[in-house]
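Have a look at the structure below, then the notes.
The values are calculated or read from the model by the stated rules, or taken from the named source; none is laboratory data. Note that the coordinates shown come from a computational prediction; the quantities given were computed from them, not determined experimentally. In this analysis, Cβ positions are derived from the backbone assuming ideal geometry, glycine residues included, and neighbour counts consider all displayed protein chains. Heavy atoms of the whole protein, side chains included, go into the accessibility calculation; ligands, DNA and RNA do not. Shrake-Rupley method; radii C 1.70, N 1.55, O 1.52, S 1.80 Å.
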Amino acid sequence: MHCSLVVWGPIVCAMTYDLFIGDKAFSSWSLRGWLMLERFGLPYRAHLLGLYSGQLPLDLLPLAPARSVPVLKCADGALLTDSLAIAEELATRHPDLGYWPAAPLARARARSMVAEMHAGFGALRQACPMQLFHQWVGYEPSESVQADLERVETLVALARAHTVDGPWLFGAYSLADVFYAPLMARFAGYGLPASPELARYRDLTLADPAFCAWRADGIARRYDPFPYPQPLPTAPWPDPMA
Ligand SMILES: N[C@@H](CCC(=O)N[C@@H](CS)C(=O)NCC(=O)O)C(=O)O
């Protein structure tokens with residue numbers, strides 16, 4: 001397996017997780033898996049599997065029945081082969097880390113948002129694959145992509161309407177923010193239209209140090225050909241701090 005190994009955290013202890021991820025500049029589901037560990041302070045080793053190497057199925061053989069990334073291997077041998085399964089397992093194993101909002105009504109909304117993200121937004125995901133290198137200039141959303149964008153607006157506004165105690169979707173950073181982070185990267189990478197509230201949330205996500213570290217790693221690699229080309233000019237990645 002051609003993995004790069006990263007050991008994070010001051011102490012790598014018996015409960016260290018092994019997280020298998022794809023190319024950071026492009027793998028939106030991997031970003032979610034990684035944020036679940038990195039952002040909540042859990043110790044882990046990250047193993048990078050090349051999405052475009054042509055041998056992903058071979059690399060995944062030792063992790064059967066996994067057929068995509070991310071994959072999480074727990075120290076006790078439990079194997080999670082889907083981002084939502086990883087989220088639920090980590091939330092169950094670490095109930096004190098605040099993966100879900102504590103308040104029942106907020107938790108219900110957060111769970112619904114995460115489930116909808118995991119199962120839906122097909123048009124947006126298909127038309128605007130995550131890429132963290134630059135912004136495509138002049139991208140015109142189709143009607144179905146526009147409908148997905150409006151749905152994101154609705155969900156973010158609903159989350160924020162009841163949130164008073166912090167800048168994230170439900171106040172403190174939660175799994176809802178994990179699952180919507182790659183979507184905010186798509187808003188940046190394709191210059192998608194956003195209301196002021198959504199733009200605030202997008203910029204918060206893009207300025208998050210964990211996201212910035214992930215992106216810096218991702219764009220350190222060069223791709224030729226570029227995996228998801230668009231017939232459009234590019235502008236620099238928007239810097240929310242500028
Ligand atoms: N439902 C899965 C989707 C995972 C997924 O599609 N991962 C992509 C990378 S972002 C992948 O591994 N693609 C390679 C392939 O399907 O062969 C999850 O939530 O983890």
Inset, instruction - Please indicate, with yes or no, whether at least one residue in the range 201-217 is in contact with a strand residue (DSSP E or B) (Cβ under 8 Å, 6 or more places away or on another chain), open to solvent by 10 Å² or more (accessible area, probe 1.4 Å) and within 30 Å of Ala102 (Cα to Cα). - result: yes
Inset, instruction - Select, from Leu84, Leu51, Leu72, Leu42, the only residue that is surrounded by 15 or more Cβ atoms within 10 Å (Cβ to Cβ), part of a loop (DSSP other than H, G, I, E, B) and within 13 Å of the ligand (Cβ to nearest atom). - result: Leu51
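Every residue, every condition in (1) open to solvent by 20 Å² or more (accessible area, probe 1.4 Å); (2) under 15 Å from the mean Cα position of the chain (by Cα), yes or no:
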{"position": "Trp100", "(1), (2)": "yes, no"}
{"position": "Glu116", "(1), (2)": "yes, yes"}
{"position": "Ala119", "(1), (2)": "yes, yes"}
{"position": "Leu124", "(1), (2)": "no, yes"}
{"position": "Pro129", "(1), (2)": "yes, yes"}
{"position": "Pro141", "(1), (2)": "yes, no"}
Inset, instruction - Could you please tell me which pairs satisfy a Cβ distance under 8 Å, a separation of 6+ or placement on different chains, a first residue in the range 18-37 that is in the same structural domain as Ala87 (by TED's automatic domain parsing) and open to solvent by 10 Å² or more (accessible area, probe 1.4 Å), and a second residue that is among the polar types (S, T, N, Q) and within 11 Å of the ligand (Cβ to nearest atom)? - result: Lys24/Ser30; Trp29/Ser68; Trp29/Ser83
Inset, instruction - State which residue is farthest from the chain's Cα centre (by Cα) when the search covers only the range 59-69 and only residues that are open to solvent by 20 Å² or more (accessible area, probe 1.4 Å) and within 8 Å of the ligand (Cβ to nearest atom). - result: Arg67
Legend entry - Tally of residues being within 11 Å of Leu183 (Cα to Cα) and within 13 Å of the ligand (Cβ to nearest atom) across the range 119-130: 4
Inset, instruction - Kindly establish whether Arg93 is in contact with a Cys (Cβ under 8 Å, 6 or more places away or on another chain), of a type in the set (Lys, Arg), at pLDDT 95 or above and away from the ligand (no atom under 16 Å from the Cβ). - result: yes
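Yes/no matrix, rows are residues, columns are (1) in a loop (DSSP other than H, G, I, E, B); (2) under 22 Å from Ala210 (Cα atoms):
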{"residue": "Gly77", "(1), (2)": "yes, no"}
{"residue": "Trp100", "(1), (2)": "yes, yes"}
{"residue": "Ala106", "(1), (2)": "no, no"}
{"residue": "Met113", "(1), (2)": "no, yes"}
{"residue": "Met117", "(1), (2)": "no, yes"}
{"residue": "Leu124", "(1), (2)": "no, no"}
{"residue": "Pro129", "(1), (2)": "yes, yes"}
{"residue": "Ser144", "(1), (2)": "no, no"}
{"residue": "Leu149", "(1), (2)": "no, no"}
Inset, instruction - Would you check if there is a residue in the range 158-167 being of a type in the set (A, V, I, L, M) and in contact (Cβ under 8 Å) with a residue 24 or more places away in the chain? - result: yes
Legend entry - Matching residues, the range 151-178, being outside any helix (DSSP H, G or I) and either touching an Asp or Glu at 6+ places or on another chain (Cβ under 9 Å) or of a type in the set (Phe, Trp, Tyr) (or both): Trp168, Leu169, Phe170, Gly171, Ala172, Tyr173
Inset, instruction - Considering (1) among the basic types (Lys, Arg); (2) open to solvent by less than 20 Å² (accessible area, probe 1.4 Å); (3) more than 14 Å from the ligand (Cβ to nearest atom), say which one Arg160 fails and leave the rest. - result: (2)
Inset, instruction - Read through the list (1) in contact with a Phe, Trp or Tyr (Cβ under 6 Å, 6 or more places away or on another chain); (2) at pLDDT below 95; (3) open to solvent by 50 Å² or more (accessible area, probe 1.4 Å), then give the number of the only condition that Arg107 fails. - result: (2)
Inset, instruction - May I ask you to list the residues in the range 179-205 that are touching a residue at least 24 places away in the same chain (Cβ under 8 Å), of a type in the set (A, V, I, L, M) and in a helix (DSSP H, G or I)? - result: Ala181, Leu183, Ala185, Ala188, Leu198, Leu204
